[in-house]
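The values are calculated or read from the model by the stated rules, or taken from the named source; none is laboratory data. Not measured: the values here are computed from a predicted model. Please note: Cβ atoms are built from the backbone with ideal geometry, for glycine as well, and neighbour counts cover all protein chains shown.
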Amino acid sequence: MKTDPSQPLDLAILGGGINGAGLAFLAARAGLSVALFEKDDWAQGTSSRSTKLLHGGIRYLEQGRIGLVRESLREKRSLLADAPHLARPLSFLLPVYRGDRVPPWKLKAGLWLYDLLAGPHNLQRHEWLTPEESLKRAPGLKPQGLLGCGVYWDAQVNDARLVLENVLGARDAGAYCVRESEVVEVQREAQGFRLKIRQPKGTQTITAKCLVDATGPWANRTSRLLTGHEVQRVRPTRGSHLVVPQVLSRDALLVMDPGQKRILFVIPWRGQTLLGTTDVDDSGKPEEAHCTGEEQDYLLAQARRLFPDRPWDPGQVTARFAGLRPLAYSADAHASAVSREDRITLEDGVVTILGGKLTSYRAMAQKALVQVLHHLGRHGGPPPHTRLPGSPLEPWTDFEARAAREWTQAYGINTSQASHLVGLYGGRASSVLEIIKRDPALREPLHPDRPEIAAQVLYAVQREDALHLEDVLIRRLEIGYTPQNKGVAVEKAARLMADALGWDEGVRKAEVSRYVGRLDAPGNPSGS
């Protein structure tokens, strides 16, 4: 049943990141009347600025967080089955050098335990490579002192679109999901809460029996609405990433920084390399989080240590971005020591979701929904996991092969474009192709060196809630992280959006400036 926001609701959720979207989808499927409010765009904060991984957290084994690893491994495999268009298996190399804190025998033991904890959810058993085999798999890796590489499997994911599909799934299940809707006032009433929501065209008022704070890094600020004063609920730590030219094409690489006990990822990503991440306390405004020059220097220095023969200078950086981890507050001295485990609480009708990982967002949603149902006095538990909207009904490999074969002939697109559409939309790509069918000119690429086509811009506006140029280029299509992040593609996309949304020339230019500003924010000259 479709939620009517003019009627009293069971549940109102604040925050359109992965936790809010995931809970909205689950709660709507459980039969609750649900409203989800996001003050900006879906996944605009942390949930589009991650390392783009679904992982068990192999480094947490050494910290003894067995439960966290086991849960993450289970959730990773579940998402690979339910969102195969967004999540793909990825092999990781773990090089070991003479004098490293973790010797080969200890790493092998950890990999064996990782396999054991995964059990039936394991993607593939680990292996051990000799130094010679390692250098064949990772050309350019520093050979001096290399003792070998462990190999294990995790997965890569499109984080922003994972959020979007949960929003679309929630809406299909009846939830009322609106972006650019900031909750500015919360009043307690006998039957729950009255919320005042500020929107571009005015204000809206709704009532709900239960309230969920899924604002992540904004939770300290949100607490003012709920208690009248700020409560220290989260300890945000900043994770920064660089996008650089391709280093590895087959495997990702994970290595421990011996100085800071931080891990460094070198990950193949959309024909480039994603380099990250840092772990720095950040008490600033979450919307202003950015990769600092110091963090860029640190990441480049670590990459230079691993691949000494490559040019690692700022000129190599295509883009950079940073997000804040909404870790449950802890007074631990070092940011890296703060637990990544989730903390979900229920107090006076308010459920607060803190901590956790992208990988385990659905397990967190289930825990949060249990609390909501308890408050509402409902019996029964949350529904089981289900496929996301874009997941095709047929086996993924069959669908992928059929799409590449049929779409190139039926719609006049090339194999690169067909593969791109499959990987972005899965089964929902047919709706994009229908736009091409109505207007063949919209199969033209946004840039001659890119697979994105004009029809995708219109689809983002018509079906995916895109209102601004940055919504399309950064979170729907991710051109903002490529070398083609300015110029031709931007102008084409802006003109398409202007026609679709009725922008005049002044608005169109302002949108281009706003988008470029996201790429060239103060202190963040290359990233978004």
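Odds and ends about this structure:
- Residue match in segment 1-10 (condition: within 23 Å of ARG325 (Cβ to Cβ) and crowded, with 19+ Cβ neighbours inside 10 Å): no
- Selection status of GLY271, assigned by TED's automatic domain parsing to the domain that holds PHE321, buried (at least 22 other Cβ atoms within 10 Å of the Cβ), within 22 Å of ARG137 (Cβ to Cβ) and modelled with pLDDT under 95: no
- Per-region count, segment 385-443, residues more than 29 Å from ARG29 (Cβ to Cβ), acidic (Asp, Glu) and in a helix (DSSP H, G or I): 1
- Segment 460-475 residues that are at positive phi, paired with ones that are surrounded by fewer than 24 Cβ atoms within 10 Å (Cβ to Cβ) (beta carbon under 7 Å, 6 or more apart): ASP465/ARG179
- For beta carbons closer than 9 Å, sequence separation of 6+ or different chains, a first residue in segment 486-500 that is under 16 Å from PRO451 (Cβ atoms) and in the same structural domain as GLU444 (by TED's automatic domain parsing) and a second that is of a type in the set (Lys, Arg) and part of a loop (DSSP other than H, G, I, E, B), the qualifying pairs are ALA489/ARG450.
- Odd one out for ARG161 among (1) under 21 Å from GLY57 (Cβ atoms); (2) buried (at least 19 other Cβ atoms within 10 Å of the Cβ): (1)
- Test for GLY99: is it more than 30 Å from GLY15 (Cβ to Cβ), touching a helix residue (DSSP H, G or I) at 6+ places or on another chain (Cβ under 9 Å) and not aliphatic (A, V, I, L, M): no
- Residue that is among the acidic types (Asp, Glu) and outside the structural domain of LEU274 (by TED's automatic domain parsing), where the choices are ASP82, ASP115: ASP82
- The residues of segment 138-177 that are part of a helix (DSSP H, G or I) and of a type outside the set (D, E, K, R), listed by number, are ALA160, LEU162, VAL163, LEU164, ASN166, VAL167, LEU168, GLY169, ALA170.
- Selected residue [part of a loop (DSSP other than H, G, I, E, B), surrounded by fewer than 21 Cβ atoms within 10 Å (Cβ to Cβ) and either under 18 Å from the mean Cα position of the chain (by Cα) or assigned by TED's automatic domain parsing to the domain that holds GLY355 (or both)] from GLY31, GLY64: GLY31
- Subset of segment 202-241 [within 24 Å of the chain's Cα centre (by Cα) and in a helix (DSSP H, G or I)]: GLY216, PRO217, TRP218, ALA219, ASN220, ARG221, THR222
Rundown of residues vs (1) of a type in the set (Phe, Trp, Tyr); (2) within 24 Å of the chain's Cα centre (by Cα); (3) buried (at least 17 other Cβ atoms within 10 Å of the Cβ), yes/no style:
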residue: PRO384; (1), (2), (3): no, yes, no
residue: ASP398; (1), (2), (3): no, no, no
residue: THR408; (1), (2), (3): no, no, no
residue: HIS420; (1), (2), (3): no, yes, yes
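- Test: residue in segment 61-81 that is touching a strand residue (DSSP E or B) at 6+ places or on another chain (Cβ under 8 Å), at pLDDT below 95 and of a type outside the set (Ser, Thr, Tyr): no
- Selection count, segment 297-333, where residues are within 30 Å of ALA219 (Cα to Cα), in contact (Cβ under 8 Å) with a residue 24 or more places away in the chain and surrounded by fewer than 21 Cβ atoms within 10 Å (Cβ to Cβ): 2
- The requirement of being buried (at least 18 other Cβ atoms within 10 Å of the Cβ), assigned to a loop (DSSP other than H, G, I, E, B) and not assigned by TED's automatic domain parsing to the domain that holds VAL350 is not satisfied by LEU253.
- Total residues in segment 78-137, condition outside any helix (DSSP H, G or I), closer than 30 Å to THR397 by Cα, without any contact (Cβ under 8 Å) to a residue 60 or more places away in the chain and aliphatic (A, V, I, L, M): 2
- Of all the listed residues (GLU434, GLU470, GLU464, GLU511), the sole one being surrounded by fewer than 20 Cβ atoms within 10 Å (Cβ to Cβ), modelled with pLDDT of 95 or more and not basic (Lys, Arg) is GLU434.
- When residues of segment 114-155 are limited to those that are at pLDDT 95 or above and among the aliphatic types (A, V, I, L, M), the one nearest to PRO84 (Cα to Cα): ALA155
- Within segment 327-365, the set of residues being at pLDDT 95 or above, in a loop (DSSP other than H, G, I, E, B) and of a type in the set (S, T, N, Q) comprises THR359, SER360.
- Residues located in segment 410-428, provided they are out of contact with any Pro (no Cβ under 8 Å at 6 or more places or on another chain) and among the small types (Gly, Ala, Ser): ALA410, ALA418, GLY423
- Answer residue from segment 67-97, given it is more than 13 Å from the chain's Cα centre (by Cα) and among the small types (Gly, Ala, Ser) and is farthest from TYR114 (Cα to Cα) among those: ALA83
- Within segment 267-281, considering residues that are assigned to a strand (DSSP E or B) and more than 17 Å from the chain's Cα centre (by Cα), the one farthest from LEU93 (Cα to Cα): ASP281
- On the stretch given as segment 444-469, residues that are part of a helix (DSSP H, G or I) and either in contact with a Leu (Cβ under 9 Å, 6 or more places away or on another chain) or among the hydrophobic types (A, V, I, L, M, F, W, C) (or both) total 9.
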